[in-house]
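The block underneath contains the structure these notes are about, expressed in structure tokens.
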Amino acid sequence: MAKQVVQVDRVIIRFAGDSGDGMQLTGDRFTSETASFGNDLSTLPDFPAEIRAPAGTLPGVSAFQLHFADHDIMTPGDAPNVLVAMNPAALKANLGDLPRGADVIVNTDEFTPRALAKVGYDANPLEDGSLDSYRVHPLALTSLTVEALRQFDITKKEAERAKNMYALGLLCWLYHRPIEGTERFLRQKFSSRPAILDANLAALKAGWNYGETTEDFSISYEVRPAALPAGTYRNISGNLALSFGLMAAAQRSGLPLFLGSYPITPASDILHELSKHKRFGVRTYQAEDEIAGIGAALGAAFAGSLGVTTTSGPGLALKSETIGLAVSLELPLVIVDVQRGGPSTGLPTKTEQADLLQAMFGRNGEAPVPIVAPCSPADCFDAAVEACRIALTYRTPVLLLSDGYLANGSEPWRIPDLTALPDLRVEFATEPNHDGAFWPFLRDPQTLARPWAVPGTPGLEHRIGGIEKSDGPGNISYDPDNHERMVRLRQAKVDGVAASIPPLEVDDPTDRARLLVLGWGSTYGPIAAACETARAEGIDVAQAHLRHLNPFPANTAEVLRRYDRVLVPEMNLGQLALLVRGRFLVDAIGYNRVRGLPFKAAELVAAIKDVIARD
Amino acid sequence: MTDLLAEALAQVPKADQPLSKKDFTSDQEVRWCPGCGDYAILAAVQSFLPELGVRRENIVFVSGIGCSSRFPYYLDTYGMHSIHGRAPAIASGIAASRPDLMVWVVTGDGDALSIGGNHLIHTLRRNMNLTILLFNNRIYGLTKGQYSPTSEHGKITKSSPMGSLENPFNPVSLALGVEATFVARTIDSDRKHLTDVLRQAAAHRGAALVEIFQNCPIFNDDAFEVLKDSGIKDDYLIRLEHGQPIRFGRDASKGVVRAPDATLKVVDVGEVGTEALLVHDAHAENPELAFALSRLTDPTTLDRTPIGVFRSVRRPTYDELMAEQLERARRVAGTGDPAEALTELIAGRDTWTIT
Ligand code: SF4
């Protein structure tokens with residue numbers, strides 16, 4: 001029977017199940033197949049902080065959303081077209097996000113009275129008509145999988161566990177995804193357990209065949225490859241791109257990379273990734289705490305490495321004093337903060353942008369630190385290179401502000417030509433620089449950077465410390481005028497970074513916009529998608545996105561003054577807005593949500609309309 | 001000894017010509033209080049460093065915060081005066097990344113044992129290749145006289161007018177408890193003993209903790225007087241020497257034996273005979289005996305205070321193990337062009353091309 005094939009331009013799928021159901025893996029695999037098929041895509045993993053939250057409960061639901069299209073897309077999508085719900089909890093937790101008419105594939109085996117009661121369903125939603133406005137595909141996924149794996153020598157539990165592969169196979173059929181990549185992946189993952197491998201391969205295939213043969217799925221969908229710029233692509237998550245960016249920067253600088261870090265969600269994957277690459281001379285040091293992580297990185301920087309420390313908000317708080325020391329010592333250091341919901345432990349696995357002011361001001365004394373923020377998962381690569389460039393050029397700690405959404409989200413990435421990256425080679429001091437003596441704080445007149453003289457260099461022995469130093473010789477100085485000069489010099493050095501960064505660009509296709517939407521960090525995608533939608537509805541709106549938060553690009557004031565209104569959407573209570581108001585006396589209007597989730601384009605469209613309606 | 005020193009410093013470049021104390025003296029004015037024990041330690045270190053025969057530029061001193069932590073400013077080597085308690089962490093980054101450097105940490109009892117206690121134990125546990133000089137004056141000096149984590153119970157200070165409520169740390173016990181590979185104790189005023197301990201610490205590749213009893217005449221004067229007064233010190237001090245029976249006291253009349261309950265006991269040598277005495281073995285793999293020796297001391301009276309090297313064993317250091325892993329990873333990867341290898345790594349295995 002030939003089934004109907006429908007062309008669509010984009011699809012949003014959400015896989016949802018128990019933490020133990022393998023939803024992240026299923027999503028990852030579907031994403032890989034989608035990437036290698038050539039669609040543009042964007043993903044949003046959303047999982048609980050607990051490793052195995054109680055089974056079948058709402059807090060235990062783990063989800064993975066994927067948006068893929070035949071054109072350039074910017075967000076993981078607002079509302080799923082398809083929900084795969086592995087149990088009642090997954091259905092209940094996600095139904096609210098579904099538009100009417102969405103497809104819902106449910107695993108009916110899990111809709112037992114007990115499981116329903118656990119999440120507060122009085123009646124079975126599959127039977128009481130409450131899902132009538134959706135296209136429900138009831139599927140006895142667990143029993144179908146067990147049935148398909150009958151001939152294998154595995155336990156029933158092991159067979160049941162392969163149900164995510166069955167679901168993946170079905171979805172791959174439904175959206176014309178290849179499954180060869182997943183087969184290869186499974187072969188590698190279960191190479192030492194042949195029975196489990198065969199079972200998973202068979203489940204995958206059985207799911208595919210189910211789609212092909214069952215009456216329930218009469219239509220399959222095709223999403224053509226996207227016309228992205230020419231090049232070789234891969235799919236990449238933010239944490240991985242960031243790790244590679246650090247390695248690329250190390251190679252371009254000719255310095256060994258030293259990572260001092262303490263495990264913390266959602267930054268740990270950077271530590272995991274870099275610890276795999278010892279062959280490139282990458283040293284990773286899992287310290288006893290956050291303070292020791294940055295301490296070791298700073299020590300390594302003093303000794304001539306590209307020093308990096310990675311953390312999330314609570315860890316950044318612990319590192320404050322050492323960042324202040326790095327400001328005072330004027331040594332290059334990159335501090336990566338993968339922001340998560342706060343305050344305190346907050347929401348470890350959810351995203352937020354509420355560390356901006358901590359990054360900006362969270363130290364004692366006047367301790368300015370340049371801040372760089374990537375705007376998409378793949379952009380974490382370039383942002384990491386940029387953070388290293390500033391640190392090495394200006395001999396300063398630099399804060400790189402990623403977030404949970406960027407860290408775990410993924411998108412296609414055109415693999416860069418490493419030789420085209422900036423030349424980051426550093427010249428260490430080798431000679432005395434002042435009348436036969438070495439002055440560690442004699443600055444470069446252009447950048448105001450001080451010389452970097454690493455131990456082992458004869459004749460340049462010197463002592464530096466956190467006590468105020470005399471301008472030039474660098475000896476301890478309590479002189480009032482000298483202190484004032486040094487405070488201003490350190491500030492001027494950081495302000496001077498603006499000379500090396502590109503101007504703030506504005507996207508204003510009609511040139512008639514009176515409203516500018518200004519964002520930073522991971523909100524780029526939703527803001528861009530919202531502006532596009534608004535424009536399609538005839539609204540003139542301009543967009544600008546800050547990659548450098550300290551210093552701001554030199555033309556920022558001029559850009560902001562061009563518009564009657566400036567709307568600043570942020571996943572915090574108005575931190576950039578505060579800076580913009582303080583710095584530029586611009587009456588920025590905030591749009592602020594702190595739900596632990598990225599913005600939806602639709603809510604930003606509403607926010608844009610709301611501001612325009614005020615006039 | 002010289003063989004050990006040569007081995008310990010094998011990766012540190014040698015000086016072209018002999019250096020002198022002057023070469024290690026910086027042009028900075030020393031600013032401790034008159035009579036401070038720190039002066040004697042500084043002089044001993046400056047005089048001792050030349051005999052190592054290594055290049056000055058390959059020596060790094062890192063300190064935290066406190067009176068003792070001003071130390072690096074006065075030595076003409078590379079140095080960093082960092083922040084309170086964190087010197088071992090910062091020095092770990094230096095030692096782990098640069099095996100060609102000789103790294104020293106200078107710290108005090110508050111710096112190392114209170115605010116920086118965590119870094120101290122982990123640095124020792126990892127066997128980082130660095131030497132920690134812990135100046136113990138049993139008081140906070142720089143903040144003007146509060147009790148410290150080594151102050152005796154009941155100590156009356158500005159912050160404990162009715163006496164401190166805390167039991168003191170014994171830094172040597174602490175270090176042995178985390179199986180530090182080199183642990184020693186010495187006294188600021190005994191130049192010869194101090195230098196000898198420094199010499200042995202320098203000949204140890206790995207983490208070394210040297211506790212130095214240091215007098216603070218301003219806030220805790222004569223805290224170690226019983227160990228210094230020539231009239232009585234022999235009754236208090238137990239001088240440890242590897243391979244020698246442990247005996248002390250005027251006329252060496254007292255000795256240490258292992259009691260049937262496995263604890264150590266102080267006995268009259270005349271009663272038990274020399275053969276019954278415990279022979280000090282600093283190289284024992286198991287730190288148990290060294291620990292037991294460290295527990296002999298009465299923390300209040302300082303009665304029965306061993307000085308010298310408690311423990312000195314060779315174990316792989318962190319930087320050695322790290323270098324070994326880096327080397328192994330490189331060997332497995334082969335000798336390809338690193339830029340190409342990185343490009344390949346970044347591309348990964350699942351790519352697609354758009355033309
Ligand atoms: S306060 Fe005590 S330890 Fe500090 S310098 Fe003065 S005498 Fe030395």
**Prompt:** Put a dot 7 Å past each Cα toward the Cβ at B:Arg315 and A:Arg150; how far apart are the dots in nm?
**Reply:** 5.9 nm
**Request:** Post the alpha-carbon centroid distance, region B:1-64 to region A:304-382, in whole angstrom.
**Result:** 37 Å
**Asked** Using just the C-alpha positions of the protein assembly as shown as equal point scatterers, what log10 of I(q)/I(0) does the Debye formula give at each q in 0.05, 0.06, 0.07 1/Å?
**Response** -0.38, -0.53, -0.70
**Cut-off 10 Å between beta-carbons: net charge of the residues surrounding A:Leu442, Lys and Arg +1, Asp and Glu -1** = 0
**Prompt:** Taking other Cβ within 10 Å of each residue's Cβ, how do A:Val5, A:Val494, A:Val338, B:Val257 sort, fewest first?
**Reply:** A:Val5, B:Val257, A:Val494, A:Val338
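Where Lys and Arg each count +1 and Asp and Glu each count -1, what net charge lies around A:Ala534 among other residues with Cβ under 9 Å from its Cβ? Working shown, then result.
On the way: positive: A:Arg535, A:Lys609; negative: A:Glu532, A:Glu537, A:Asp540.
That sum, taken over residues with Cβ under 9 Å, equals -1.
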**Message:** Given a Förster distance of 41 Å, report the FRET efficiency between A:Gln4 and A:Arg52 from their Cβ-Cβ distance, rounded to the nearest 0.05.
**Reply:** 0.50
**Message:** Can you give the FRET efficiency to the nearest 0.05 for A:Leu357 and B:Arg250, using r as the Cβ-Cβ distance and R₀ = 56 Å?
**Reply:** 0.25
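Using DSSP to call loops (not H, G, I, E or B), can you name the trypsin sites (Lys or Arg not before Pro) in region A:415-504 whose Cβ has at most 11 other Cβ atoms within 10 angstrom?
Working: sites: A:Arg425, A:Arg443, A:Arg463, A:Lys469, A:Arg485, A:Arg488, A:Arg490, A:Lys493; in loops: A:Arg425, A:Arg443.
Counting only loop positions with at most 11 other Cβ atoms within 10 Å, the trypsin sites (Lys or Arg not before Pro) in region A:415-504 are A:Arg425.
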**Complete:** Diffing region A:60-69: the Karplus 3J(HN,Hα) column from phi (6.51, -1.76, 1.60, θ = phi - 60°), in whole Hz with x for Gly and Pro, holds x, 6, 10, 9, 9, 10, 9, 10, 9, 7
**Asked** Relative contact order for region A:322-419 using alpha-carbon pairs under 8 Å, separation at least 6, rounded to a whole percent?
**Response** 38 percent
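For a quick check of your reading of the filter: which GluC sites (Glu not before Pro) in region A:401-476 sit in a DSSP loop and have no more than 10 other Cβ atoms within 10 Å?
Values: sites: A:Glu427, A:Glu461, A:Glu468; in loops: A:Glu427, A:Glu461, A:Glu468.
When the GluC sites (Glu not before Pro) of region A:401-476 are filtered for loop state and at most 10 Cβ neighbours within 10 Å, A:Glu427 remain.
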**Fill in**
Per principal axis, largest first, the Cα atoms of region A:172-214 extend in Å by 33, 17, 7
**Request:** Rank B:Ala175, B:Ala208, B:Ala259 by mean-square fluctuation in a GNM of chain B with C-alpha springs under 10 angstrom and give only the top-ranked residue.
**Result:** B:Ala259
**Prompt:** For chain B, what number results from the quotient of the Cα radius of gyration and 2.2 N^0.38 Å?
**Reply:** 1.11
**Request:** With +1 on each Lys and Arg Cβ and -1 on each Asp and Glu Cβ, and nothing else charged, work out how big the dipole of chain A is about its Cα centre, in Debye to the nearest 20.
**Result:** 720 debye
**Request:** Report the local net charge at A:Pro551: Lys and Arg +1, Asp and Glu -1, summed over other residues whose C-beta lies under 11 Å from its C-beta.
**Result:** +1
**Complete:** Yeah, region A:4-222 with a ≥ b ≥ c from its alpha-carbon gyration tensor (a/c under 1.5 is rounded, else prolate when a/b outruns b/c, oblate otherwise) is rounded
**Asked** Which order do B:Glu29, A:Glu158, A:Glu321 fall in if you start with the one that has the fewest other Cβ atoms within 10 Å?
**Response** B:Glu29, A:Glu158, A:Glu321
**Prompt:** What ranking of B:Arg126, B:Arg86, B:Arg98 emerges when the number of other C-beta atoms within 10 Å of each C-beta is taken as an exposure proxy, fewest first?
**Reply:** B:Arg126, B:Arg98, B:Arg86
**Item:** Projected label distance in nm at B:Val272 and B:Lys158, using a 7 Å step from Cα toward the beta-carbon
**Value:** 4.6 nm
**Request:** Can you grab the distance from the C-alpha centre of region A:154-199 to the C-alpha centre of region B:129-188, Å, no decimals?
**Result:** 60 Å
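Between A:His71 and A:Glu160, what's the calculated FRET efficiency when r is the beta-carbon distance and R0 is 30 Å? Round to 0.05. Mind dumping the intermediate values first?
Details: r = 39 Å, r/R0 = 1.30.
The value I calculate is 0.15.
At 222 nm, what value in deg cm²/dmol follows for chain B if DSSP H runs of at least 4 each add -39500 (n - 2.57) and the sum is divided by all its residues, to the nearest 500?
On the way: 12 runs with 104 residues, N = 355.
Only helices count here, giving -8000 deg cm²/dmol.
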**Item:** Interchain or long-range residues, amide H under 5 Å from A:Gly465's placed H
**Value:** B:His81
**Request:** From the P(r) of region A:506-613, can you give the percent of Cα pairs sitting at distances over 25 Å?
**Result:** 12 percent
**Distance (nanometres) between label positions extended 7 Å along Cα→Cβ at A:Val426 and B:Lys265** = 6.1 nm
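Given the -39500 (n - 2.57) contribution per DSSP H run of 4+ residues, what per-residue ellipticity at 222 nm results for chain A, rounded to the nearest 500 deg cm²/dmol?
Details: 20 runs with 225 residues, N = 615.
That calculation yields -11000 deg cm²/dmol at 222 nm.
Tell me the GluC sites (Glu not before Pro) within region A:167-274 that lie in a loop according to DSSP and have at most 15 other beta-carbon atoms within 10 Å. Don't skip to the end; give the middle numbers.
Working: sites: A:Glu180, A:Glu183, A:Glu212, A:Glu215, A:Glu222, A:Glu273; in loops: A:Glu215.
Taking region A:167-274 and a limit of 15 other Cβ atoms within 10 Å, the loop GluC sites (Glu not before Pro) found are A:Glu215.
Values quoted throughout were computed directly from the atomic coordinates according to the rules given, and no laboratory measurement underlies them. None of the values given here were measured: they were computed from a predicted structure. FYI the Cβ positions are ideal-geometry reconstructions off the backbone, even for glycines, and counts take in every protein chain you see.
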